[in-house]
Amino acid sequence: MGSSRDRVVKLSDGAEFDDKGLQLFVREKLAGYKSPKHVFAGGPPFRAPNGKADYKSVTEFAIEEVAKRA
């Protein structure tokens, strides 16, 4: 099983998420092979108790979201 270019974003309070708009913006700035295949908003706070990024939780969340879309 390989990996894919997925991103998880945290929105500011009251912000609305526009998946297609974000992907169009990113494709203008990056080469197609560098732009994310999926972009997910939300999920639990992805921080460990010490304040560092919790990559394991982010990865698990992204895998669940990809499975929902499949």
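Observations
- Looking only at the range 16-38, and only at residues there that are over 12 Å from Asp6 (Cα atoms) and among the basic types (Lys, Arg), the one that is modelled with the highest pLDDT: Lys29
- Across the range 4-18, the qualifying residues are those that are within 12 Å of the chain's Cα centre (by Cα) and of a type outside the set (A, V, I, L, M), and the one among them that is nearest to His38 (Cα to Cα) is Asp6.
- Tally, over the range 12-26, of residues that are surrounded by 12 or more Cβ atoms within 10 Å (Cβ to Cβ) and in a helix (DSSP H, G or I): 5
- Pick from the range 46-70, criterion touching a residue at least 12 places away in the same chain (Cβ under 8 Å) and either touching a helix residue (DSSP H, G or I) at 6+ places or on another chain (Cβ under 9 Å) or β-branched (Val, Ile, Thr) (or both), ranking: farthest from Asp6 (Cα to Cα): Phe46
- Every pair of residues 6+ apart whose Cβ atoms lie under 9 Å, when the first sits in the range 1-26 and is under 22 Å from Asp54 (Cα atoms) while the second is among the acidic types (Asp, Glu) and at pLDDT 85 or above: Asp6/Glu65; Val8/Glu65
Results for (1) surrounded by 10 or more Cβ atoms within 10 Å (Cβ to Cβ); (2) more than 11 Å from the chain's Cα centre (by Cα); (3) under 15 Å from Val9 (Cβ atoms), shown as yes or no for each residue.
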position: Glu28; (1), (2), (3): no, yes, no
position: Lys34; (1), (2), (3): yes, yes, no
position: His38; (1), (2), (3): yes, no, yes
position: Gly43; (1), (2), (3): yes, no, yes
position: Arg47; (1), (2), (3): yes, yes, yes
position: Val58; (1), (2), (3): yes, no, yes
position: Phe61; (1), (2), (3): yes, no, yes
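- Conditions (1) under 14 Å from the mean Cα position of the chain (by Cα); (2) on the phi > 0 side of the Ramachandran plot; number of the one not met by Gly51: (1)
The values are calculated or read from the model by the stated rules, or taken from the named source; none is laboratory data. Being a predicted model, the structure only gives us computed values, none of them experimental. Here Cβ is always computed from backbone atoms with ideal geometry, including for glycine, and neighbour counts include all displayed protein chains.
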